[in-house]
1. Hey, any idea what the orientation-averaged projected area of the convex hull of the stretch B:266-396's Cα atoms comes to, in nm²?
2. List, in order, the whole-Hz ³J(HN,Hα) value for each residue of the stretch B:39-46 obtained from phi through the Karplus relation with A = 6.51, B = -1.76, C = 1.60 and θ = phi - 60°; use x for Gly and Pro.
3. Calculate one ³J(HN,Hα) per residue across the stretch B:334-341 by plugging θ = phi - 60° into the Karplus curve 6.51 cos²θ - 1.76 cosθ + 1.60, and present them in order as whole Hz with x for glycine and proline.
4. Return the sequence-ordered ³J(HN,Hα) values of the stretch B:185-195 in whole Hz as given by the Karplus equation 6.51 cos²θ - 1.76 cosθ + 1.60 applied to θ = phi - 60°, using x for Gly and Pro.
5. Compute the orientation-averaged projected area for the stretch B:127-228 from the convex hull of its Cα atoms and round it to one decimal in nm².
6. For B:ASP489, what residues show an amide H to amide H distance below 5 Å, using hydrogens built from the backbone and excluding near sequence neighbours?
7. Normalised radius of gyration for chain B, please: alpha carbon Rg relative to 2.2 N^0.38 Å, two decimal places.
8. Could the peptides A:180-193, B:485-498, B:183-196 be put in order, highest first, of the mean number of other beta-carbon atoms found within 10 Å of their residues?
Amino acid sequence: MKNYNFAKYDGFILWRCRVSKVLVLRKISIDSVENLIRKKSVQSPTRKVPKHGEQNRDGTETERSYASLVLRFVKGQFHEYQESTIGAAFLTQTVCLDDTTVKFEIWDTAGQERYHSLAPMYYRGAQAAIVVYDITNQDTFGRAKTWVKELQRQASPTIVIALAGNKQDLANKRMVEFEEAQTYADENGLLFMETSAKTAMNVNDIFLAIAKKLPKNEQVTGPGGSGQGRRLTEGDAGSKATGNCCK
Amino acid sequence: MDYELPTEFDIIIVGTGIVESIVSAAASRIGKTVLHIDSQDYYGGFWASFNLEQIDKLCERNQNANVDISADVQLNEGERLIQIGNNNFDLKNTSQKWSIPEKLELKDVSENVEGDNCDVTETEADNGTGTEEVWTQEKLMRESRKFNIDIAPKIQFARGDFVELLISSNIARYSEYRSVSRVLTWLNGELEVVPCSRSDVFSNPKVSVIEKRMLMKLLGACMDSEENEFKDYKIKTFHTYLNDKRLTDNVIHYVLYAIAMSTVDTPCSEGVENIKRFLNSLGRFGKTPFLYSMYGSGELSQAFCRLSAVFGGVYALNQNLGGFVFDAENKFKGLVCGKQQVIKASHLVMGIEKSPEEFVKSVEVSYISRGIFITNGSVKGSEKEHLTLLFYPLKGGRELCNVIELGTLTGTCPKGIYIVHMFTKQINTPKEDLEECVSKLFQSEKEDSDVKDARPQVLWSFYYSAPDTNTANLRKDVPENAFLCPGPDCDLDIDYSIKKAKEIFNSMYPDVEFLPRAPDPEEIIIGDGSDEQIPKK
C-alpha cells in the first residue's frame with residue numbers, strides 16, 4: 001500500500017498572498033459517525049490581532065470568508081460578522097461516503113502566513129487542501145494561484161487540491177469568470193466549485209468531492225502505524241503496572 | 001506590498017528557539033499581544049532541522065543574517081540604539097565531509113539506457129535483487145527535501161516534563177511522535193539491547209537467571225529509594241553503590257550506562273533519580289521510555305509557535321532588525337524593524353545569539369561535541385526498521401556519548417538511509433571526542449577490500465562544537481524588562497529548557513497560570529451572539 005501520509009517538503013515558505021486562504025485537510029480515520037460527539041458551550045477565545053490600517057481590511061475579509069466556509073461545513077452556520085479566525089488549532093468534520101465515513105481535520109494557517117512565516121509543520125501529513133478565493137475580487141484569484149503553486153511545491157505530491165470560488169451569492173458583483181477558474185483548475189488538476197458559505201451552496205459537495213478523490217486507505221494508520229507517528233494523549237497513558245520493571 | 005507590522009505589543013520575542021517559543025505560546029495564551037520575530041527565514045534557531053542542501057551549506061551561513069546597522073530612527077532624549085546579535089555563540093570546529101563520489105563514474109552511467117531513467121532502473125534493480133544501493137552525492141541531493149537533519153537532536157521521556165506539558169496544554173495534537181524502539185549499549189565489544197521492561201529482562205538470553213533477580217531487586221530498591229538503602233552513599237558515586245551490591249559486571253553496565261545514563265563519576269543520588277525517571281516513563285507509549293518527534297526536533301518549537309499564533313501571536317520571520325531601543329534608565333523601549341519602524345513593547349525576550357554584545361560579555365560558554373552521519377545501514381541490522389537510542393561509554397566510562405539513529409519512518413531521511421546523531425560533553429575537539437564511538441560503529445575510511453565489513457558506511461559526516469549556555473547566569477548585565485533564552489543543552493530531553501521558559505514567563509507575569517489547557521476544536525462555538533467567555537479548564 002502506497003503511503004501517502006508522508007508529506008515531505010522544504011522548510012521555508014514565502015507567501016505573497018493576502019486575501020486567498022488555504023485550508024489543509026487530513027483524513028484521520030474511517031469511523032462511524034456516532035463516534036463524533038461534539039461538546040457545547042465553550043466559546044472561542046478572542047483573537048487579538050492588532051489593527052493595522054488598510055491592509056487589515058483585506059486580511060479580515062478573507063479570514064471571514066475562509067472561516068465562514070469552514071463553519072458552514074462543520075456547524076451548518078453562517079455569520080455575517082464573525083471573529084476573524086477560529087481560535088482553535090483545527091476543526092474536525094465527518095463526511096459520509098457510501099458505506100464509510102471520512103473524518104477530516106481542518107487546519108487553519110493561524111495567521112502565520114501574513115508575514116510569510118507559515119511553519120513547515122502546517123503541511124505535515126496533509127492529504128488535501130482547499131484554496132479559497134473571493135469571486136468578487138480578482139486579486140484573490142491571483143493569490144489563490146500562488147497558493148496552489150506553493151502547495152504543489154511544498155506538500156506531498158499526492159495531495160488533493162480543491163479550488164473554491166467563494167461568495168457565489170454575490171455573483172452579480174463577480175470579477176472572476178467561472179470559465180476562467182474552471183480552465184485554470186483543469187490545467188492544474190484541481191477540483192473546482194463555486195461555493196457560498198452564506199447559502200451553503202456546494203459547501204458539503206466540495207468536501208464530499210475531496211473525500212471521494214482521496215486515495216483509499218484501508219489500513220487505518222492509528223498510533224504506531226507504519227507511516228504515521230502517534231499523537232500523544234492522556235488516553236494513551238496506560239497503567240504503569242504492565243511491562244514495568246519494578247514490582 | 002508587504003504588510004507593515006503593528007506598532008505596539010505587550011511583548012516582543014526575538015528568535016524562534018524552544019525557550020523563546022514556549023514563552024511566546026504561554027504569553028499569547030493568557031491574552032498578551034505577542035510579536036514573535038526572527039531575522040532568520042526558518043523556525044528554530046539553534047534548535048532547527050535542515051534539509052540536506054541547507055545543512056551542507058550551514059557553515060557558510062551568516063548567523064546574524066538580516067541584522068541591519070544602518071537604521072535611521074528618531075530617538076528621544078536619553079534613548080540609545082543597540083545593535084542586535086553577537087558572535088559569541090556560533091558553532092565552532094565545523095568540519096564536513098562527503099565520503100562518496102559526486103556522480104556515478106562514466107562506465108556506470110553507460111550501463112543504464114538513458115541518463116534520465118537512471119533512478120528508476122537502479123531502484124527497480126534494487127527491489128528485485130536486493131543488491132546494495134550505490135549512493136552518490138548527486139543522488140542524495142536529489143532527495144534533499146526528504147531530509148530533516150537536527151542540529152540539536154532531542155529525545156523525550158514519555159513521562160517527562162515536556163510530554164506532560166504538551167498534554168496538559170493541549171499542544172500535543174499539533175505534532176506526531178515515534179517511540180524509540182530499542183535502547184542499546186556497547187558491552188564487551190558488541191552492541192547489546194538493554195532490557196527495559198520486566199519482560200525484556202526475562203526474555204533476554206544474555207542475562208542469567210541470577211542476574212535477572214539482581215536487576216529486578218536493584219531497580220525496585222531505587223524506585224522505592226528507602227532512606228536506609230542509600231544513607232551511606234550521600235557523597236559516594238552511583239558506581240560505588242552498584243559495586244557494593246556485588247552485582248555482575250553486565251548488570252552494572254546496563255544499569256549504570258543505560259538505565260541511569262550515568263558515568264563512573266555520577267553521584268549516587270543522581271543515578272537513583274535517573275533510574276526513577278527511566279522507570280516512570282516505561283509502559284506509557286511504547287516499549288521504551290523514549291519518544292522522538294516526527295520530522296525532526298525542529299518541529300518542537302513550531303508546535304509552540306502554532307499555539308501562540310492560534311491565540312493571536314503575530315509571526316514575522318526573515319525580518320531586517322535594526323536594533324533595540326533602550327532608555328536612559330536602561331529599560332527596553334522598542335525594536336527597530338527595517339530601517340525606520342520602531343515597535344514598542346513592555347518586555348523583550350530574545351535568544352542568546354540575538355542579544356546585544358554588552359548583555360552577554362560575561363556569559364560563560366561550555367561546548368557540546370556533536371557529530372551527524374548519513375549512513376547506508378543500521379548500526380545493528382534487523383528485519384524491521386528501528387529507532388535506536390544508544391548509550392556509548394567513552395574513555396573507560398568517564399563520559400557517556402548519546403547516539404540516536406533515525407530511519408525513514410521518522411520522516412527525517414529517505415528510504416535506505418539512516419541518520420546517526422552523536423553528542424557528548426566537549427573535552428577536546430568533536431572529532432577526537434567521538435572518534436572512539438565512530439570507529440566502533442562504522443566502517444573505517446580506509447577500505448580494506450579483502451575483509452567484508454558488515455558495519456554501515458558513512459556517506460556524509462559533519463562535526464561541530466555547539467555552545468551550551470544553560471549553566472550561565474543570564475540575568476547579570478541584562479536590563480530588568482529584557483530576558484535571555486539559553487540554547488540547547490547536552491541533555492537528552494528538553495525538560496530543562498521548559499523550566500527556563502517558565503522562569504522567564506513567571507518573572508514577567510507572576511501568579512498567572514503557565515500554559516493552561518487550550519480548548520479542543522469541538523468545544524468551540526463561534527459567534528452565537530452571547531458574550532465572550534474564556535474557556536474553562
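1. The directionally averaged projection comes out at 15.1 nm².
2. Coupling constants for the stretch B:39-46: 7, 7, 9, 9, 7, x, x, 6 Hz.
3. x, 10, 8, 10, x, 8, 10, 6
4. Computed from phi, the couplings for the stretch B:185-195 are 9, 9, 10, 6, x, 9, 7, 10, 6, 7, x Hz.
5. Working: hull surface 52.4 nm².
Computing the convex hull of the Cα atoms and averaging its projections yields 13.1 nm².
6. It is none; the list stays empty.
7. On the way: Rg = 25.4 Å, N = 537, 2.2 N^0.38 = 24.0 Å.
The reported ratio for this selection is 1.06.
8. Working: A:180-193: 15.7, B:485-498: 22.3, B:183-196: 18.5.
Output ranking for A:180-193, B:485-498, B:183-196: B:485-498, B:183-196, A:180-193.
The values are calculated or read from the model by the stated rules, or taken from the named source; none is laboratory data. Predicted model, so just to flag it, every value in this text is computed and none were measured. As a convention, Cβ positions derive from the backbone with ideal geometry for all residues, glycine included, and neighbour counts pool all protein chains shown. Calculation scope for accessible area: heavy atoms of the full protein, side chains included, ligands and nucleic acids excluded. Shrake-Rupley method; radii C 1.70, N 1.55, O 1.52, S 1.80 Å.
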